[in-house]
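Contents: one structure, followed by commentary.
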Amino acid sequence: MSTKTLRKRISLVAVTALTAGVLSVVAAPAANANIYNSSNAVPTESRLNVALVGATGNLTGAAVTPSTTGSDIAFTTSKSHALLYKDASSTTAQTATVLAGGTLVLYTLSHATTATSVGYTATGGSFGTTVYDQHANAAATGEWSSDKRTMAVLSGTATAVTWAAGTTAGTYTINSYLSTASAPSIEGVLTATNGTLFGGITVTVVSTAATGGPVVANSTCSTNTAATNSPSTADTTSAFMNGESAYVNLALKDAYLATNATEGNIVVSATNGALVNIGTGSVAAGTGSTVVAYGKGTSGDDNSIRVSQGTAGAPVTTTVTISFNGATICTKTVTLRGVPSTMAISSVSSVAPGNNTATASWLADGTNRDAHMYIQLKDSAGNTVLPGTGNNGTAGDTEFSIDSASVTNLISAVVVDSGDQATSVSSSALPWNYSAAKYTCGSNQYGTQKVTVKHTSASTGKVITSTFDARCAGAAYTYTASFDKASYVQGEIATLTVKFLDSKGNAANSVTSPSATGTTVLSVPMMTRVSSLPGSTTLTKADGSLAITYTVSLDTAGITAGGYNGIIDFPGLTAVAATVQTVSYKLTTGNDTTSNADVLKSIVALIASINKQIQALQKLILKR
C-alpha cells in the first residue's frame, strides 16, 4: 500500500430544517470556504472538509449516509440528524450543537487514489458500524472497540461514518487521526507513531433546541462610516465630521450563531435630537429620533441604522438604542462634529523682515511642516474639527486669510500652505489636529502688531476669527547671558538664559539659528550641561531667548565651594559684533554655609572684643 501522506479535515453533514413544535426557526450554518455543499465545487486537493450537505435536513427520521456509487459529489445526498449548529472552522477546534438522540455524519474527502487509514475517537455516544469508502464505491473495512467509541477505517481515502449522540445532554469530543502505515490495526491508526491528529469537534448535546430570534451575545452591532451587510465586530475609529452620517450596522445571530431568521419589530431611538433611519444598502437620512421597522436585522434586511445631525452644522453626541421585539440588542454612543465655531492660535514664532521664511525646526512635531504657528478649529461643543469643504479636510488652505483690517506695512499676509492644513482629529496623529500657518513681514519692517486671522467655511460661509501677536525682527547680532540665581547648592538645577538681539537692539527672530556658524562654546565649571549643545538648527524662543539647563555637580569630592565664572561664546556672532559673555556664580556643598568673609568677620569681632577686655583690665589695675 502506498504511504502518500494526505492533508484532511473532519466534516459534518448539517440539518437545515426542523419540524414544528420543537423549534420555531433554526437556520443552517452559512456556506463558506470550509463548508462543502451542492453549490460549491468539489475540493481539488486531499483534505478533510467540513460540509453542509443536502438542501434539507430531517429531525424525526434517521441520518442519511452517502451513496456507495458515483464520485465524491455523492456526499451531497447525506444528512445529519438534528444538527442545530456547526461553526465555520475546519481543523482541530471545531464546535457543533446537536439535539439528544441526533446523529452526525462525519467524513473525509480526498481525490487521492492511494489507500489511507483513518481513526476516530469519541468521549461519549457511539460510532455506527456502517462505513463507506467513496473511492471504492463500496462499504469500507472497519474495526470498532466494544463500546463503539473508538473505530478505524483501515483502508480508505474518502470515508464516511456515523456518530450517534445518545440521549444524555453534555459536551463530547470527537477526534480523527490519519495513518499511512501499511495495513495498520485499529491500535496502529490511533497511536502517536502511526496516527496523526488532523480533526477535532467539540459537540454539545442539548435536550431541547433554543427558541428563534437574535441573541445579544452572538450578534454584531458596530459603527461605521457607511452601511454594510457584513459589519466588523469592532467600532470604527474614524471620527464623524460635520455633514456626515454615522451607521450602526447589524448582524443578528440566533442561539446557534446562525443568521437570525425570525421576523420582528426593530425599534431604534436616539437621544439629543439626532435623526435615525433604518434600512439596507443606501439608507436615506432620517426625519425623527425614533424609527420602527419589521424585519430580521440580517444581511439585506433592515440591517443598517443611519444616524444624522438633528440641526445642520450643529454637533451632537447621541446614544442610539436598538431593540428587537422589545428586547434591547445594543446601544451605541456616537458623536457627530459640527462646523468650526472657534479658532485658537498657538506656538507663534517671530519672523524675519521681508519674507515669510520658516523652518521645520520651529514646530518640530515630526510632520516636517515649515511654519510659524499652529491654528486649531473646534466646533461649539469643543470637538476638534477640520478646515475644508464640509470640514472633511480637503482644500482647507484656501479658507484661512488675514483680516483686511490687519494688513499693514509690518504684516501683509497669513497663509496655510497646501499640505500644511489639519487632516486628522485622532489623538494618535495629534500634530495633524492643527493647521500650520505662516505670516509675512514687510521689507525692512521691525516691531510687534496684533493680527486677526479669519477662517471662512467653504460649505457654510461662516466666518470665525482669532488674534495673535506678530513680531518682525532681524537675525541674532549680539547677546547677553545670565543664570537664574547668583548662588547654587550642590545638586540644584541651574538655568542659563541667553538673550539674542538683532542689529536694531530688538529681540532677535526665531527663524534663524544663532549657532548657524561656528561651534558654540559653553564653559561652566563645576556644572554639568543637561540640554543639548546649541547647533545649526537650534532656534530661540519667540522672544529671542534660549534656555540651557545645568545641574550643579553631585560629586562631593569634585566640588569646591566658592565663586566661579563661566564663558559663553557663539563664534558666529562674536566674530562680527557680539562680545563673549562671562557669567559669575557661587557654589556651596550645602554642608557648610560659612564663607571666608564670614570667618574673617568673626575673627575681627573676636579681636575687638579681646582688646576691650584688655583695656578694661588696664583701667582696673591703674585705679589700685
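Quick one: in region 333-356, which of the residues that are buried (at least 22 other Cβ atoms within 10 Å of the Cβ) and hydroxyl-bearing (Ser, Thr, Tyr) is nearest to Ile375 (Cα to Cα)?
Ser349
Among the listed residues Thr408, Thr398, identify the single one that is at pLDDT below 95 and either assigned to a strand (DSSP E or B) or polar (S, T, N, Q) (or both). I'd like the intermediate steps shown before the answer.
Working: Thr408 fails: at pLDDT below 95.
Matching residue, one of Thr408, Thr398: Thr398.
Answer yes or no as to whether Gly566 is modelled with pLDDT of 95 or more, of a type outside the set (Ser, Thr, Tyr), outside the structural domain of Ser346 (by TED's automatic domain parsing) and over 49 Å from the mean Cα position of the chain (by Cα). Before the answer, list the steps.
Details: modelled with pLDDT of 95 or more: yes; of a type outside the set (Ser, Thr, Tyr): yes; outside the structural domain of Ser346 (by TED's automatic domain parsing): yes; over 49 Å from the mean Cα position of the chain (by Cα): yes.
Yes, satisfied.
Of the conditions (1) part of a strand (DSSP E or B); (2) under 18 Å from Gly461 (Cα atoms), Ser380 clears all except one; give me its number.
Status for Ser380: all satisfied but (1).
Could you list, in sequence order, the residues of region 313-369 that are more than 28 Å from Gly442 (Cα to Cα), of a type in the set (A, V, I, L, M, F, W, C) and touching a Leu at 6+ places or on another chain (Cβ under 6 Å)?
Val316
Might you let me know whether region 416-427 holds any residue that is at pLDDT below 95 and of a type in the set (D, E, K, R)?
So far as region 416-427 goes, yes, one or more of its residues are at pLDDT below 95 and of a type in the set (D, E, K, R).
Rundown of residues vs (1) within 27 Å of the chain's Cα centre (by Cα); (2) at pLDDT 90 or above; (3) farther than 18 Å from Ala381 by Cβ, yes/no style:
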position: Met241; (1), (2), (3): yes, yes, no
position: Ala255; (1), (2), (3): no, no, yes
position: Gly264; (1), (2), (3): no, yes, yes
position: Gly313; (1), (2), (3): no, yes, no
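Is region 359-373 home to any residue that is within 18 Å of Ala239 (Cα to Cα), within 26 Å of the chain's Cα centre (by Cα) and modelled with pLDDT of 95 or more?
So in region 359-373, the residues within 18 Å of Ala239 (Cα to Cα) come out as none.
Scanning region 359-373 turns up no residue that is within 18 Å of Ala239 (Cα to Cα), within 26 Å of the chain's Cα centre (by Cα) and modelled with pLDDT of 95 or more.
Out of region 232-267, which residues are under 20 Å from Gly313 (Cβ atoms) and either in contact with a Pro (Cβ under 6 Å, 6 or more places away or on another chain) or in a loop (DSSP other than H, G, I, E, B) (or both)?
Result: Ser238, Ala239, Met241, Asn242, Gly243, Glu244, Ser245.
Take the residues of region 435-483 that are closer than 17 Å to Thr540 by Cβ and charged (D, E, K, R): which is surrounded by the most Cβ atoms within 10 Å (Cβ to Cβ)?
Keep residues of region 435-483 that are closer than 17 Å to Thr540 by Cβ, which gives 441, 446, 448, 469-482.
Okay, now just the ones that are also charged (D, E, K, R), so 469, 471.
Numbers: Asp469: 12, Arg471: 24.
It comes out as Arg471.
Out of everything in region 137-179 that is modelled with pLDDT under 70 and among the polar types (S, T, N, Q), what residue ends up being surrounded by the most Cβ atoms within 10 Å (Cβ to Cβ)?
Thr157
Please list, ordered by residue number, the strands (runs of 3 or more DSSP E) wholly in region 506-592 having 1 or more residues that are of a type in the set (S, T, N, Q) and surrounded by 15 or more Cβ atoms within 10 Å (Cβ to Cβ). Working first, answer last.
Details: elements: 521-523, 527-529, 545-552, 562-569, 581-588.
Strands (runs of 3 or more DSSP E) meeting the threshold: 545-552, 581-588.
Consider Ala327 carefully, then state whether it is in contact with a helix residue (DSSP H, G or I) (Cβ under 9 Å, 6 or more places away or on another chain) and surrounded by fewer than 14 Cβ atoms within 10 Å (Cβ to Cβ).
It is true that Ala327 is in contact with a helix residue (DSSP H, G or I) (Cβ under 9 Å, 6 or more places away or on another chain) and surrounded by fewer than 14 Cβ atoms within 10 Å (Cβ to Cβ).
Consider Ser426 carefully, then state whether it is more than 33 Å from the chain's Cα centre (by Cα) and either surrounded by fewer than 18 Cβ atoms within 10 Å (Cβ to Cβ) or more than 30 Å from Lys586 (Cα to Cα) (or both).
no
For Ala270, indicate whether it is at pLDDT below 95, over 30 Å from Pro534 (Cα atoms) and of a type in the set (A, V, I, L, M). Walk me through how you get there before you give the answer.
Values: at pLDDT below 95: no; over 30 Å from Pro534 (Cα atoms): yes; of a type in the set (A, V, I, L, M): yes.
So Ala270 does not fit the description; no.
Regarding region 455-470, can at least one residue be identified that is basic (Lys, Arg) and modelled with pLDDT under 95? Full working, then the answer.
Taking region 455-470 as the starting set, the residues that turn out to be basic (Lys, Arg) are 462.
Still in the running and modelled with pLDDT under 95: 462.
Checked region 455-470: at least one residue is basic (Lys, Arg) and modelled with pLDDT under 95.
So which of Asn265, Asn242, Asn303 is farther than 17 Å from Lys332 by Cα, in contact (Cβ under 8 Å) with a residue 60 or more places away in the chain and either crowded, with 21+ Cβ neighbours inside 10 Å or among the basic types (Lys, Arg) (or both)? Steps first, please.
Numbers: Asn265 fails: either crowded, with 21+ Cβ neighbours inside 10 Å or among the basic types (Lys, Arg) (or both); Asn303 fails: farther than 17 Å from Lys332 by Cα.
Residue meeting the stated conditions: Asn242.
Which of the residues that make up region 357-370 are assigned to a loop (DSSP other than H, G, I, E, B) and more than 17 Å from Gly544 (Cα to Cα)? Talk me through it step by step, then tell me what you get.
Just the residues of region 357-370 that are assigned to a loop (DSSP other than H, G, I, E, B), to begin with: 357-359, 364-370.
Selection gives Ala364, Asp365, Gly366, Thr367, Asn368, Arg369, Asp370.
Every residue in region 276-297 that is crowded, with 21+ Cβ neighbours inside 10 Å, part of a strand (DSSP E or B) and out of contact with any Asp or Glu (no Cβ under 7 Å at 6 or more places or on another chain), please.
Of everything in region 276-297, just one residue is crowded, with 21+ Cβ neighbours inside 10 Å, part of a strand (DSSP E or B) and out of contact with any Asp or Glu (no Cβ under 7 Å at 6 or more places or on another chain), namely Val276.
The values are calculated or read from the model by the stated rules, or taken from the named source; none is laboratory data. Quick caveat, the model's predicted, so the values are computed rather than measured. Note that we place each Cβ from the backbone using ideal geometry, even for glycine, and neighbour counts take in every protein chain shown.
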